[in-house]
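> Take this structure first; my questions come after.
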Amino acid sequence: MAFIETEVSALNEYGYPCNFGWAKKPLLQYNHALVEAPGRKIYGSDRYIIFSSQHLIHTEIFDGGIMGFAAVTLVSFRNKTRSSLSVINPLPLGSFDLPDSSESGSIKIQRSRFALDFVAMAGGARILKADIPKFSHNRGLRGAIVLTPPDDGESIVTNLPWREEKSAFQYTRRSPWYIAEGVMQFAGQELVFTKGNAWGIFDWNRGVRPRRDVRFWAAGSGLAGERQVSFSVGYGSADNSYATENAFFVDGKLHKLDQVTFQINPSYWLDKWNFTSNDGRLKMEFSPVMERSVRHQFLFHTHRRRQVFGSFSGTIALDDGKEITFQNITGMGERKKTRF
């Protein structure tokens, strides 16, 4: 695998992807205006998942060139209920103004009775704001959540190509270790997220889409004793001979994993999932509580996602050989299928 340690460009002088591999920081420089591909194939997304043991909020702004959307989902683990709202935007073609850097820039989607704001602050903190008067059955969702990173936190950053499509690539950053604090008001109730009891995951993607893709991903965060543990593991159709997207984090510090296998009952996703790594360092079990499927479509552009929410338990061997056992940390797993 290619480890990137210095700042480099994600694009060569002709606008095609280069410098494939992985990094602990977002060291690759990207400028969507220089990409040598039709605008309809250039994509980007910013996604935040905020959760406690009681609630989970899934927010995303996606620009797929042909189709874009802004979406919010609220999950109650206690009541086993969920509410969702998506706003589809045909042919966004970059009009969402998604920033080229994962470290700076803000995004705001303002529509009639729908406002979603992702704000990047100095020092790495982020603020999520939502104001949706008719979020679910005329019940409003409104509030703000602050996400604070750990000191000198590391991320799993990858830049991967597709074997048979010259211009297609995915440049991603995943940071599953934010501390979440804030309040969301929904249906007359206050959903409170407090330090030490609530966490946030940042999933950032830029690139040129292939004709189709299937991607599995799982992430979670919580406490093992007094230490924060979190992870991001996944795989898809991209060429992972340059790098894998798998990492475990302790207090924001990355411990790289090679291949991670997802073992899922294909006929019933609410059965327990099992995760193992090819080097034997990770053994993890996922206990799903709820399932959600969503489909966005415009013309021949299809974006489907199947998600499950629940808790993870297991053991990880760190880079120095020490083992950490964790129990019932909250997170999610998913499969995403896209076709264009």
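The values are calculated or read from the model by the stated rules, or taken from the named source; none is laboratory data. A quick note: this is a predicted structure, and the numbers were derived from the prediction, not measured. Note that each Cβ is placed from the backbone with ideal geometry, even for glycine, and that neighbours are counted across all protein chains shown.
> Hey, Gln110 hits all of (1) within 19 Å of the chain's Cα centre (by Cα); (2) free of Cβ contacts under 8 Å to residues at least 24 places away in the same chain; (3) assigned to a strand (DSSP E or B) but one; which does it fall short on?
(1)
> Please verify whether Leu270 is without any contact (Cβ under 8 Å) to a residue 60 or more places away in the chain, out of contact with any helix residue (DSSP H, G or I) (no Cβ under 8 Å at 6 or more places or on another chain) and either of a type in the set (S, T, N, Q) or surrounded by 20 or more Cβ atoms within 10 Å (Cβ to Cβ) (or both), treating the condition exactly as stated. Let's see the steps before the verdict.
Values: without any contact (Cβ under 8 Å) to a residue 60 or more places away in the chain: yes; out of contact with any helix residue (DSSP H, G or I) (no Cβ under 8 Å at 6 or more places or on another chain): yes; either of a type in the set (S, T, N, Q) or surrounded by 20 or more Cβ atoms within 10 Å (Cβ to Cβ) (or both): no.
So Leu270 does not fit the description; no.
> Could I ask something else about it? Please state which of the following conditions Pro150 fails to meet, knowing it meets all the rest: (1) touching a residue at least 60 places away in the same chain (Cβ under 8 Å); (2) closer than 22 Å to Ser83 by Cα; (3) of a type outside the set (D, E, K, R).
The failed condition is (2).
> Okay, moving on. Just one of (1) modelled with pLDDT of 95 or more; (2) under 17 Å from Asn205 (Cβ atoms) trips up Gly105, so point out which.
Here Gly105 clears every test but (1).
> Only one of Leu254, Leu299 is touching a residue at least 60 places away in the same chain (Cβ under 8 Å) and at positive phi. Can you tell me which?
Just one listed residue meets the conditions, Leu299.
> Can you list the strands (runs of 3 or more DSSP E) lying wholly within segment 116-203 that have 2 or more residues being of a type outside the set (A, V, I, L, M, F, W, C) and under 17 Å from the mean Cα position of the chain (by Cα)?
156-161, 169-186
> Considering only segment 280-323, state which residues are at pLDDT 95 or above, among the small types (Gly, Ala, Ser), touching a Lys or Arg at 6+ places or on another chain (Cβ under 8 Å) and within 27 Å of Thr81 (Cβ to Cβ).
The one that is at pLDDT 95 or above, among the small types (Gly, Ala, Ser), touching a Lys or Arg at 6+ places or on another chain (Cβ under 8 Å) and within 27 Å of Thr81 (Cβ to Cβ): Ser287.
> Residues being surrounded by 14 or more Cβ atoms within 10 Å (Cβ to Cβ), of a type outside the set (Phe, Trp, Tyr) and more than 24 Å from the chain's Cα centre (by Cα): count how many of those fall in segment 1-20.
Total satisfying the criteria: 1.
> Another one. Is it fair to say Lys283 is surrounded by 15 or more Cβ atoms within 10 Å (Cβ to Cβ) and more than 22 Å from Gly153 (Cβ to Cβ)?
yes
> Looking at segment 21-39, which of its residues are buried (at least 17 other Cβ atoms within 10 Å of the Cβ) and in contact with a Gly (Cβ under 6 Å, 6 or more places away or on another chain)?
Hit for segment 21-39 is Val35, nothing else.
> Would you confirm whether or not segment 241-261 contains a residue that is under 28 Å from Glu164 (Cα atoms), touching a Leu at 6+ places or on another chain (Cβ under 7 Å) and surrounded by fewer than 20 Cβ atoms within 10 Å (Cβ to Cβ)?
Yes, the conditions are met somewhere in segment 241-261.
> Kindly list the number of the only condition in (1) within 30 Å of Gly65 (Cβ to Cβ); (2) crowded, with 18+ Cβ neighbours inside 10 Å; (3) of a type in the set (A, V, I, L, M) that fails for Leu299.
Only one criterion in (1) within 30 Å of Gly65 (Cβ to Cβ); (2) crowded, with 18+ Cβ neighbours inside 10 Å; (3) of a type in the set (A, V, I, L, M) is unmet by Leu299, namely (2).
> Mind listing whichever residues of segment 75-111 are within 20 Å of His296 (Cα to Cα) and among the small types (Gly, Ala, Ser)?
Ser83, Ser84, Ser86, Gly94, Ser95
> Follow-up question, since we're still on this one. Residues that are of a type in the set (Phe, Trp, Tyr): find the strands (runs of 3 or more DSSP E) completely inside segment 235-340 holding 2 or more of those.
Filter on segment 235-340 gives 247-250, 273-277, 282-298, 301-317.
> Kindly establish whether Gly331 is closer than 30 Å to Ser86 by Cβ, under 22 Å from the mean Cα position of the chain (by Cα) and surrounded by 15 or more Cβ atoms within 10 Å (Cβ to Cβ).
yes
> What single numbered condition from (1) in contact with a Ser or Thr (Cβ under 8 Å, 6 or more places away or on another chain); (2) closer than 20 Å to Gly123 by Cβ; (3) small (Gly, Ala, Ser) fails to hold for Gly220?
All conditions are met except number (2).
> Counting only residues that are hydrophobic (A, V, I, L, M, F, W, C) and touching a residue at least 40 places away in the same chain (Cβ under 8 Å), which one in segment 310-327 is farthest from Gln54 (Cα to Cα)?
Leu318
> Can you name the residue in segment 153-211 that is of a type in the set (D, E, K, R) and farther than 27 Å from Ser53 by Cα and is also surrounded by the fewest Cβ atoms within 10 Å (Cβ to Cβ) among such residues?
Looking at the filtered set, the residue picked out is Glu164.
> Given the conditions (1) buried (at least 19 other Cβ atoms within 10 Å of the Cβ); (2) out of contact with any Pro (no Cβ under 6 Å at 6 or more places or on another chain), which single one is not true for Ser102?
(2)
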